[in-house]
Structure formats: structure tokens, C-alpha cells
1. Scanning for something within 16 Å of residue 24 (Cα to Cα) and of a type in the set (A, V, I, L, M), does the stretch 77-87 turn up at least one residue?
2. Can you pull out the residues in the stretch 35-64 that are of a type in the set (Gly, Ala, Ser), surrounded by 12 or more Cβ atoms within 10 Å (Cβ to Cβ) and at pLDDT below 95?
3. When the stretch 121-158 is examined, which residues are found to be closer than 21 Å to residue 64 by Cα, surrounded by 13 or more Cβ atoms within 10 Å (Cβ to Cβ) and not aliphatic (A, V, I, L, M)?
4. Residues that are within 19 Å of residue 154 (Cβ to Cβ), over 16 Å from the mean Cα position of the chain (by Cα) and of a type in the set (A, V, I, L, M, F, W, C): does the stretch 70-93 have at least one?
5. Could you count how many residues in the stretch 18-33 are at pLDDT 95 or above and buried (at least 18 other Cβ atoms within 10 Å of the Cβ)?
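The values are calculated or read from the model by the stated rules, or taken from the named source; none is laboratory data. What you see is a predicted model; the values in this text were computed from it and never measured. Every residue, glycine among them, receives a Cβ derived from its backbone with ideal geometry; neighbour counts consider all protein chains shown.
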Amino acid sequence: MELQDAITQRRSIKVFRRDMNIDDDALYEAIQRATDAPNHGLRAPWRVVHIAKDRLGEMSKQLTEIAFPNLRKKQEDHYKVATNLGGMLALIVKEDPRQKESLENNMAFGAFAQNLMLLLFESGIGTCWKSPAYIFNPEIRKIFGVKDDERLVGLLYLTDLEDLEKMPHRERQQNQVIDKF
């Protein structure tokens, strides 16, 4: 697959209504390859926590007890969605108290994440990046082992590509990107 084709054709897969599986070996290879992202000072400020298919139910139960206490329906809905996935990645970036380095770390993490999603797409694994409000809850951070000098920036849902054609293709707003000085 050509890079431009992957950039153009990759979409967030948002259909989680059936049980699916992914190739964990392909996932790990894509994660390793994604680390070729540019990063200032070679700090590699990224880390992921893989929640394998067989651990999604347990993770969902722990997460929803904190995120949705006393909301049984929301807990059940999350469990159904989570256990249908092929897996999940908790996306974690290294914080830096220095303003410039913090910016560089965030930009590097974005490059890593884009590499990862494109490489996963190329490997036949679909993705959908979720950043729900509960990722900022210290108890949720603890579930994923997020350290004091790290930030949980999202959850990457992992799917197969069977539903890719059902996902709408949006026209990009390319003409609004460039201003002239």
C-alpha cells in the first residue's frame, strides 16, 4: 500500500456491534515500527498499554465502576462495546515541566500515533481514538499504570476492517490549511 493511499483511505472504525479479533503479532510489530516517529532529543515520549481481547471485560468492569458509578446501563453498554473489540491500547505521553519540551513531547506523540494508526491500517487492523472525559480521573489513570510524570491521552480501540466500507468518507478541508505570509 502506498503511503498516500493509507493516509486517504484510513478511517476511524466506529462499529463495535459484533465480536472481532485482531492479530496481536501484527499489532506489536506496528507499535515497534511506529516508534520511528520524529521526536526531539530522541526522548521517545510515548508508551502504550495493551489490553488484549481476553482482558477487555475485566478492564471494562474496573473502568466503569469508577467512570459510571451507579449507572448500570452505561456500565453494561461499555462492557458490550469493549468486549466486541479486538483489543485496546491506552495511549500515554511523557510530561515535561519545561514548556518547550512538553510541546515537543506532545508533537512527537502525535507523530507516533499517526504512524501507528497508518501501520495498523496497512496490517488490516482498524482503529478509533477515544478521549472520554474520564481519562483525566486519577483512579482511571491508576488502572492503566499511568505514572505521575505521564498523561493518559486516549484509548485506541482496535478492530478488524470488515466494516471499513460502511464508514463514511469525509472530504478533507484541504483548502483551508495554507495562509500566505
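1. yes
2. Within the stretch 35-64, 37, 44 meet the criteria.
3. 128, 129, 130, 132, 134, 137, 141, 144, 151, 154, 157
4. No, every residue in the stretch 70-93 fails to be within 19 Å of residue 154 (Cβ to Cβ), over 16 Å from the mean Cα position of the chain (by Cα) and of a type in the set (A, V, I, L, M, F, W, C).
5. The total comes to 3.
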